[in-house]
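The values are calculated or read from the model by the stated rules, or taken from the named source; none is laboratory data. This structure is a prediction, so every number in the text was calculated from the model and none was measured. Reconstructed Cβ throughout: ideal geometry from the backbone, glycine too, with neighbour counts over all protein chains shown. Just the protein is used for accessible areas: all its heavy atoms, side chains included, with ligands, DNA and RNA removed. Shrake-Rupley method; radii C 1.70, N 1.55, O 1.52, S 1.80 Å.
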Amino acid sequence: MKIAYLKDGNIVVEAFTHEVEVDFPHVVIDREISEPIESWYIEDGVIKIDQQKLIEFNRKNMPILTPIEFDIKLNNAGLYEAVQDLIKNSFELRIAYNRATFFSRTDPFIDQARIALNLTDEQVDQMWMN
């Protein structure tokens, strides 16, 4: 038997080898849930998935890119020249871009560039995963 319950504001899952009696509020997990626990919430005794938390979790777990991989993705998305123009005009962005040893999807530089280039989060996600 698997149960899920709230502990300190987080959902915790425990598995037991046989049926046990639990004397605190919980939900019995009677099916496999493929989404990460970080996106779960309990409502009316049912585990549900918070889609925004799922998106945020997936972004945090996107691959880290080397500068070469990042430039190739920019080029493949037709954004390489636009990013070069963007960093020409911003000292902070130029330093962040030129001195980076890796690029993470959730880095502030990525969000600043996304906004400056009028891209949606979904467009950047797609570029990151292609």
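Structural remarks
- Single residue of the stretch 1-16 satisfying the filter (open to solvent by 60 Å² or more (accessible area, probe 1.4 Å) and touching a residue at least 12 places away in the same chain (Cβ under 8 Å)) that is farthest from residue 58 (Cα to Cα): 16
- Residue within the stretch 92-110 that is over 17 Å from residue 129 (Cβ atoms) and under 18 Å from the mean Cα position of the chain (by Cα) present: yes
- Residues that are free of Cβ contacts under 8 Å to residues at least 12 places away in the same chain and closer than 18 Å to residue 117 by Cβ, drawn from the stretch 52-86: 71, 72, 75, 78, 80, 81, 84, 85
- Taken together, 35, 19 contain a single residue that is open to solvent by 100 Å² or more (accessible area, probe 1.4 Å) and among the acidic types (Asp, Glu), which is 19.
- Matching residues in the stretch 66-123 - criterion: being within 24 Å of residue 55 (Cα to Cα), open to solvent by less than 40 Å² (accessible area, probe 1.4 Å) and small (Gly, Ala, Ser): 104, 113
- For the stretch 2-29, a residue qualifies if it is assigned to a loop (DSSP other than H, G, I, E, B), under 30 Å from the mean Cα position of the chain (by Cα) and either more than 26 Å from residue 55 (Cβ to Cβ) or of a type in the set (A, V, I, L, M, F, W, C) (or both), and the qualifying residues are 25, 26.
- Within the stretch 33-49, residues that are of a type in the set (Ser, Thr, Tyr) have Cβ atoms under 7 Å from residues that are open to solvent by less than 60 Å² (accessible area, probe 1.4 Å) and part of a strand (DSSP E or B) in these pairs: 39/49, counting only partners at least 6 apart in sequence or on another chain.
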